[in-house]
Amino acid sequence: MVVRFIESCRLPTPFGVFDMHGFEEISTGQEHIALSLGDVADGEPVLARTHSECLTGDALYSMRCDCGYQLEEALRSIAIEGRGLLLYLRQEGRGIGLLNKIRAYNLQDQGADTVEANERLGFAADLRDYSMCLDMLSHLGIAKLRLMTNNPRKVDALRELGIEVVERVPLQVGRNPHNETYLDTKRSRMGHWFTTHQDDDPPLED
Ligand SMILES: Nc1nc2c(ncn2[C@@H]2O[C@H](COP(=O)(O)OP(=O)(O)OP(=O)(O)O)[C@@H](O)[C@H]2O)c(=O)[nH]1
Ligand SMILES: [Zn+2]
């Protein structure tokens, strides 16, 4: 077991009234949360987002990345469906932490891309570990996900843990002049499934 369940409560949001479930990593004390809406334990696949913490994008409106836009869109999609799950994972900066992300951003302002910046700081491009998801999902009685992501490695990582990802739902929002190089790098160097069109354009053939 990687995390233990601690407590649940109601969480009213502009999108709907979610149930918030708190978990603690046994070895580190790191805290993670799940927001659920509706009956997610009925055995049917659950529309879900595993969202990696990005304080700057999620809470401070940063336009350097797409995280805040994706968080909002995921909650909105879950609310429209009336049922779904958001796992908010405390893996800031793809696992390098907030202060190292500031260092990485500074290197990117000097010309490095997001992968090179991590490597110059002595980190792999992506240090995230998703093992806590298995315990969180089994606590909530969820076996099958319709996962909102553009990241093929995230789908693979969850499947390797034994989580059934029955569908990948694209989550392509928030492209802007401040993050377009970053998004292009995610596509070219990290394999993300992105089309290059703007959000409002009709879909392009890839
Ligand atoms: N190290 C580093 N982390 C970043 C950078 N920009 C965003 N992040 C972090 O990246 C994580 C989000 O990862 P992304 O690759 O944007 O998205 P993803 O979760 O892998 O894929 P999606 O499911 O499609 O969103 C968050 O933890 C952010 O804090 C950056 O330039 N450097
Ligand atoms: Zn971000």
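The values are calculated or read from the model by the stated rules, or taken from the named source; none is laboratory data. Every value quoted in this text rests on a predicted model; they were computed, and no experiment measured them. Every residue, glycine as well, gets a Cβ built from its backbone with ideal geometry; the counts of neighbours run over all protein chains shown. For accessibility, only protein heavy atoms count, side chains too; no ligands or nucleic acids. Shrake-Rupley method; radii C 1.70, N 1.55, O 1.52, S 1.80 Å.
Please tell me if residue 33 is touching a strand residue (DSSP E or B) at 6+ places or on another chain (Cβ under 6 Å), part of a helix (DSSP H, G or I) and among the hydrophobic types (A, V, I, L, M, F, W, C).
Details: touching a strand residue (DSSP E or B) at 6+ places or on another chain (Cβ under 6 Å): yes; part of a helix (DSSP H, G or I): no; among the hydrophobic types (A, V, I, L, M, F, W, C): yes.
Judged against the criteria, residue 33 is not a match.
Taking (1) crowded, with 16+ Cβ neighbours inside 10 Å; (2) modelled with pLDDT of 95 or more in turn, residue 167 satisfies each apart from (1). A residue that is open to solvent by 30 Å² or more (accessible area, probe 1.4 Å), within 16 Å of ligand 2 (Cβ to nearest atom) and in contact with a strand residue (DSSP E or B) (Cβ under 7 Å, 6 or more places away or on another chain) occurs somewhere in the range 127-138.
Could you grab me the full set of residues in the range 60-69 that are surrounded by fewer than 23 Cβ atoms within 10 Å (Cβ to Cβ) and near ligand 1 (Cβ under 7 Å from one of its atoms)? Steps first, answer last, please.
To start, the set of residues in the range 60-69 that are surrounded by fewer than 23 Cβ atoms within 10 Å (Cβ to Cβ) comprises 60-65, 67-69.
Scanning the range 60-69 gives 64, 65, 67.
The condition of being within 21 Å of residue 30 (Cβ to Cβ) and free of Cβ contacts under 8 Å to residues at least 40 places away in the same chain holds for residue 127. If the condition is being among the basic types (Lys, Arg) and assigned to a loop (DSSP other than H, G, I, E, B), then the range 111-138 contributes only 128. Only one of the numbered conditions (1) of a type in the set (Asp, Glu); (2) within 16 Å of ligand 2 (Cβ to nearest atom); (3) in contact with a His (Cβ under 9 Å, 6 or more places away or on another chain) is violated by residue 66, and that is (3).
Out of everything in the range 101-137 that is more than 12 Å from ligand 1 (Cβ to nearest atom) and of a type in the set (S, T, N, Q), what residue ends up being farthest from residue 160 (Cα to Cα)? So, considering only residues that are more than 12 Å from ligand 1 (Cβ to nearest atom) and of a type in the set (S, T, N, Q), the one farthest from residue 160 (Cα to Cα) is 110.
Taking the criterion of being in a loop (DSSP other than H, G, I, E, B), within 21 Å of residue 126 (Cα to Cα), more than 13 Å from ligand 1 (Cβ to nearest atom) and not hydrophobic (A, V, I, L, M, F, W, C), the only residue of the range 139-192 that qualifies is 162. Filtering 57, 97 for residues that are within 15 Å of ligand 2 (Cβ to nearest atom) and open to solvent by 20 Å² or more (accessible area, probe 1.4 Å) leaves a single hit, 97. The residue list 59, 79 contains one member that is of a type in the set (Gly, Ala, Ser) and touching a residue at least 60 places away in the same chain (Cβ under 8 Å), which is 79. Residues in the range 2-14 that are in contact with a helix residue (DSSP H, G or I) (Cβ under 9 Å, 6 or more places away or on another chain) and either more than 26 Å from residue 164 (Cβ to Cβ) or crowded, with 18+ Cβ neighbours inside 10 Å (or both): 2, 3, 13, 14. Screening the range 82-115 for residues that are more than 19 Å from the chain's Cα centre (by Cα) and charged (D, E, K, R) and picking the one that is nearest to residue 12 (Cα to Cα) gives 103.
The residue of the range 17-54 that is most open to solvent (accessible area, probe 1.4 Å), among those that are away from ligand 2 (no atom under 16 Å from the Cβ), β-branched (Val, Ile, Thr) and touching a residue at least 40 places away in the same chain (Cβ under 8 Å), is 33. Flag not set for residue 192, criterion: open to solvent by less than 80 Å² (accessible area, probe 1.4 Å) and modelled with pLDDT under 85.
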